[in-house]
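K.L.:
A single structure is presented below for examination.
Nothing in this text is a laboratory measurement; each read-out follows from the coordinates by a stated rule. What you see is a predicted model; the values in this text were computed from it and never measured. Because the Cβ atoms are built from the backbone with ideal geometry, glycine has one as well, and the counts that use them run over all protein chains shown.
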Amino acid sequence: MRTILLAAALAATVVSSIRADENEAEKKAIAKIRETGALVLEIAQNDNRLDISYVNAQAKITAEQLAPLKDLTRLANLNLRGLEIGDDALAHLANQKTLVRLHLEKTKITDKGLEQLKGLENLEYLNLYGTEIGDPGLAHLEGLKKLKSLYLWQTKVTDEGVKKLQAALPNLKIDRGTPPAPPPSNP
């Protein structure tokens, strides 16, 4: 019995040590993110997930400065709107399983970059307004089963691309910034 208790205590110590290391890595990542001028907040008092916005960052943000994002375990909302980042920056988001909302509008990302988003299994909102995204990029989003809202104003996406994505994700609301075509009239 003593051996079992000792083993359980040792296992608890190891788990606690791993969590402390993860927590320390996340604290360092948050500090690095804040150094760039990004705003890092917990969503609410009773919700410690993170909301990060680079919108008011004063300096030009590079893909390397986004690298600390990969060390976060509580990232829920990320706003990269208007940053001059390209596809390489999205590699830092590839394993963000907790990410729910992602703003990429007015960035330099392309169809190739969207491949990095395939693993964002909890993503519900994605804004791609004013990017170079086209139909090939939409194919990378077909596996995001929780995606509810997608904004595609001023992109290279066609009606055919939208139809194909809508078939794969029937509950997805796609907003292209244009009014829907009127139904054909019967004379």
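K.L.:
Report the gain in length on full extension from Q58 to E24: 0.36 nm times residue separation, minus Cα-Cα distance, nm rounded to one decimal.
P.N.:
Details: separation 34, 0.36 × 34 = 12.24 nm, distance 2.66 nm.
Contour length minus Cα-Cα distance gives 9.6 nm.
K.L.:
Round to the nearest 10 and give me the degree value, 0 to 90, for the angle of helix 2-35's Cα axis relative to the longest principal axis of the chain.
P.N.:
Once rounded, one gets 50 degrees.
K.L.:
Right, here's the next one. Would you calculate, for the chain, the mean residue ellipticity at 222 nm contributed by helices, counting each DSSP H stretch of 4 or more residues as -39,500 (n - 2.57) and dividing by all residues, to the nearest 500?
P.N.:
Values: 4 runs with 52 residues, N = 187.
Dividing the helical sum by the residues of the chain leaves -9000 deg cm²/dmol.
K.L.:
Given labels modelled 7 Å from the Cα in the Cβ direction, how far is it in nm from D47 to T73?
P.N.:
That separation, rounded to one decimal, is 2.1 nm.
K.L.:
Quick one: work out the % antiparallel among DSSP beta bridges in region 2-175, nearest 5. Don't skip to the end; give the middle numbers.
P.N.:
Values: 5 of 22 bridges.
Close to 25 percent.
K.L.:
Leaving out same-chain residues fewer than 8 places away, which aspartates and glutamates sit with a Cα under 14 Å from that of K156?
P.N.:
Leaving aside aspartates and glutamates fewer than 8 places away in the same chain, those within reach of K156 are E105, D111, E132, D135, D175.
K.L.:
Taking amide hydrogens as modeled 1.01 Å from N in the peptide plane, which residues meet the under 5 Å criterion relative to T155, leaving out close sequence neighbours?
P.N.:
Here the answer is G130, since their amide H atoms fall under 5 Å of that of T155.
K.L.:
I've got another one for you. Can you tell me which of 114-127, 37-50 comes out highest on packing, and rank the rest after it, using the mean Cβ neighbours within 10 Å?
P.N.:
For the peptides 114-127, 37-50, the packing ranking is 114-127, 37-50.
K.L.:
Under 17 Å Cα to Cα from K32, which aspartates and glutamates show up? Leave out anything in the same chain fewer than 8 places away.
P.N.:
The qualifying aspartates and glutamates are D21, E22, E24, E42, D51, E64, D71.
K.L.:
Any idea how far apart A91 and K156 come out in nm if each label point goes 7 Å out from Cα toward Cβ?
P.N.:
Between A91 and K156, the label points sit 2.2 nm apart.
K.L.:
Here's something else I'd like to know. Calculate, for S185 and K145, the FRET efficiency according to 1/(1 + (r/R0)^6) with r their C-beta to C-beta distance and R0 35 Å; round to the nearest 0.05.
P.N.:
Efficiency, rounded to the nearest 0.05: 0.45.
K.L.:
Starting from the 7 Å offset along Cα-to-Cβ, what nm value, one decimal, do you get for the label separation of E35 and N171?
P.N.:
4.2
K.L.:
Going down the list K70/K97; K27/K108; K108/K173; K97/K148; K28/K112, which pairs span over 19 Å between their C-alpha atoms?
P.N.:
Going by Cα-Cα distance, K27/K108; K108/K173; K28/K112 fall outside the 19 Å limit.
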